[in-house]
Amino acid sequence: MKKILFVINTMGYGGAERALLNLISALEKEQYEISVFVLTGQGELIHQMPDSVTLLNKNYKDVSVLTSKGRMELMKTILRAGILKGAFFRRFSYLIKNSVNMKQQGRFLPDKLLWRILADGAPTMPKEYDLAVAYLEGGATYYVADRVKAKKKAAFIHIDYKKAGYGEKLDLGCYEKIDRIFTVSDEVKEHFLEVYPKYQNKVSVFHNLLDMDNVRIMAEKPGGFQDDFKGIRLLTVGRLVAQKRYDMVIQTMILLKQKSKKPIRWYIMGEGELRTRLEQQISENHLTEDVILLGVKENPFPYYKQCDIYVHATGYEGKSIAIQEAQILKKPILATDCSGNREQIEQGIDGRLCILTPESISNEILWMIEHPKECQSYGEKAEKKVLQSNRGLDEFLNWMK
């Protein structure tokens, strides 16, 4: 029986975490002994891990890193790694050089710096594995490269690598120690190779695995919107972080209230560091009845099913599982025309794409409201498009063997 270790940064309700659960479920229990190590040691999605999987973290916290309580726990973990384990001192030069480099580029990203601290301060795995998989870029990859013994090592890339802020100075040659690199889409592969062209021969595409039957089953369970709103429901699912560009929601909603003949309400599902700022902006613009922050939901799928339009207005993406889940449930989708999104949606065929401005987003939403037959066609074609191939899984298994 082969021993596999999966390492991931957190286990919250994110797309990568859900994709990891689907991958683990696709592996036959009789052939693989699977362990999971969560670098931050926290995340509420851990309860959906199969019973056959061994969680290696001690004192695991089932709290999201995106909540205030979760951020406090994360800060404790960072301080333990940085001070008690000495990672701040060992990486002092690394932190200074990369901080200066980020400021010169006009984009300071402390989370990218801290992944190295968390990876250095985490416990070393005592035994050797047949395969160690870093299922997320950043900390998980640094940890697998430097702190894990394995006959083979793999890493997954889920985002536009350069736009997310990663690069050679941060990574410190970690991918030299990785035998195979899997990207979740062709565009993600292209962007990664723009940063690392020398790894062309060890990069493959492995599209996210989806449990489509489970999505449909969960969508029929009790839940969903609890208000008695009778107008058009817009839904967006994603962490409340800068990448998701929720500032556009506020400005777009102002225009929709001015232009729309029908009442519209926009629901945002997710948690993150921008919640307080968004609440303030919503209040300042008198949108408390129009933009609703739902927080995190254990079962998001009734909300997908009950919404009228799914909107994904982001600055950049890898391959959005939220879009795929909306496609499974035949939802008409509007997304911004950026890397990742354009690979999932064909303009005017199975959804609509727009530029990232309040005017463009609002105009497209109004067009979709006024063209329900076209939107129904989008949803039906999107469901067929999302039918997945197991080519990535087969390649992963064959390479592992």
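Summary table
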quantity: Computed magnitude of the charge dipole of the chain (debye, nearest 20; Cβ of K, R +1, Cβ of D, E -1); calculated: 1120 debye
quantity: Which labelled figure in (1) 102, 49, 29; (2) 63, 45, 40; (3) 53, 51, 43 is Cα extents along the principal axes in Å, once derived from the coordinates; calculated: (2)
quantity: Under 5 Å, built H, 5+ apart or other chain: amide partners of GLU137; calculated: HIS158
quantity: Positive dipole terminus of the chain, leading residue within PRO372, GLY272, PHE225 (C-beta point charges); calculated: GLY272
quantity: Rounded tilt (10° steps) of 68-79 against the dominant C-alpha axis of the chain; calculated: 20 degrees
quantity: Pair LYS230, ASP337: separation of 7 Å Cα→Cβ label points (nm); calculated: 3.8 nm
quantity: Degrees between helix 275-284 axis and first principal axis of the chain (Cα, 0 to 90, nearest 10); calculated: 20 degrees
quantity: Per-residue [θ]222 nm for the chain (sum of -39500 (n - 2.57) over DSSP H runs n ≥ 4, rounded to 500); calculated: -11500 deg cm²/dmol
quantity: Accessible-area value, LYS384, 1.4 Å probe, nucleic acids and ligands omitted, Å²; calculated: 150 Å²
quantity: Tilt relative to the chain, helix 247-259 - C-alpha long axis, 0 to 90 degrees, to 10; calculated: 10 degrees
quantity: Where the chain is the region considered: accessible area per residue in Å², 1.4 Å probe; calculated: 45 Å²
quantity: Residue-level accessible surface for CYS338, protein heavy atoms, 1.4 Å, Å²; calculated: 10 Å²
quantity: Rounded FRET efficiency, nearest 0.05, which uses the C-beta distance separating LYS152 from GLU30 and R0 of 22 Å; calculated: 0.60
quantity: Whole-percent carbon and sulfur share, accessible surface of the chain, 1.4 Å; calculated: 50 percent
quantity: Theoretical FRET efficiency, 1/(1+(r/R0)^6), r = Cβ-Cβ of GLU273 and ASN101, R0 30 Å, to 0.05; calculated: 0.85
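The values are calculated or read from the model by the stated rules, or taken from the named source; none is laboratory data. These numbers were taken from a predicted model, which means no experiment stands behind them. Note that each Cβ is placed from the backbone with ideal geometry, even for glycine, and that neighbours are counted across all protein chains shown. For the accessible areas, the whole protein counts, side chains as well, though only heavy atoms, and no ligand, DNA or RNA atoms are used. Shrake-Rupley method; radii C 1.70, N 1.55, O 1.52, S 1.80 Å.
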